[in-house]
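Have a look at the structure below, then the notes.
Derivation of every value follows stated rules applied to the coordinates shown; laboratory data play no part. Since the structure is predicted, the reported quantities are computational estimates derived from the model, not experimental observations. Don't worry about glycine lacking a Cβ; one is built from the backbone with ideal geometry, like all the others, and counts go over all protein chains shown.
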Amino acid sequence: MVQAVKLPAASRWALPPLIRIRPGTRGTTVGARRALTNPGLALAPAVARALRRGQGAAAMAPLAGLAPSDAGPLLVLRLDRGTAVTQAASIERTREVVAALADLPLGERPRVLLEPAPGDQADESGPPPPRAGELQSLKPVYMQAGMRHGIAWQVLAAINVVETGLGTNVNVSSAGAVGWMQFMPGTWRTYGVDASGDGIADPNDPYDAIESAAIYLEAAGGRRDIRRAVFAYNHAWWYVNEVLSIAAKMR
């Protein structure tokens, strides 16, 4: 039985809870090999060693077929007396995992318990804000937006470099483009979102602008063909080549 749970809001600093998963009444050991090779799982070394020795396979059975997700992997931290102790890489992934486990056939459905992660302390102010011109402070914003929409964070960062020098020049362009990622006003009305949670979709807010750029690139087919998606962002092949060249050097 999957217990009713209330997850924290998916804010950019929310720490995903631990997910304790105890197998259902018909849990089997046949999923160990699938769990070892499942790209949706990130196994702690001790867990992988145990599975290779044939231990803990029943605890992993509900997770063996878990589908990968753009919201990140499910970390399997340890096996504890027949229970898999896990933690998702994001709140979004936590929701997906809980829903997937609830959809398993009744006899395979595990019991799921969510609990606060050790050391989780509320910080109402959140993390230090990203700073214009500082790649390392902006990198988490690119990574989270890219993960949600299937766009490499380096591409988002490279577009930001070309468009506004990582937010150091957000003046309105001669063509009328605005904000951190230089959206035309009409395009912003279609794709602009409030990613910062302040109730305003603001192209001059790096969270909003970067998330919106990721949404635009995804809508332009960026998951399948990033070159054409970047071309849709700015209709010039020299622009595409410059963005992707910068992206290739990002670390």
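Just a few scattered comments:
- Rounded tilt (10° steps) of 91-102 against the dominant C-alpha axis of the chain: 40 degrees
- Fluctuation leader among 133, 199, 56 - the chain, Gaussian network, Cα springs under 10 angstrom: 199
- Acute angle (nearest 10 degrees) that the helix 135-149 long axis makes with the longest principal axis of the chain, alpha-carbon atoms: 70 degrees
- Dipole size of segment 56-200 about its Cα centre, with +1 on Lys/Arg Cβ and -1 on Asp/Glu Cβ: approximately 260 debye, rounded to the nearest 20.
- Options 155, 138, 186, ranked by Cα towards positive dipole end of segment 135-248, top entry (Cβ charges): 155
- Most fluctuating residue given options 89, 157, 175, as computed from a GNM of the chain linking Cα atoms under 10 Å: 175
- Whole-angstrom gap from segment 151-171 to segment 199-251, using each part's C-alpha centre: 8 Å
- The sum of -39500 (n - 2.57) across all DSSP H runs of n ≥ 4, divided by the residue count of the chain, sets its helix-only mean residue ellipticity at 222 nm to -11500 deg cm²/dmol.
- The chain: antiparallel DSSP beta bridges as a percent of all, rounded to 5: 80 percent
- Anisotropy class of segment 18-115 from Cα gyration tensor, a/c 1.5 cut: rounded
- Against the chain, whose longest principal axis comes from its Cα atoms, helix 237-248 is set at around 40 degrees.
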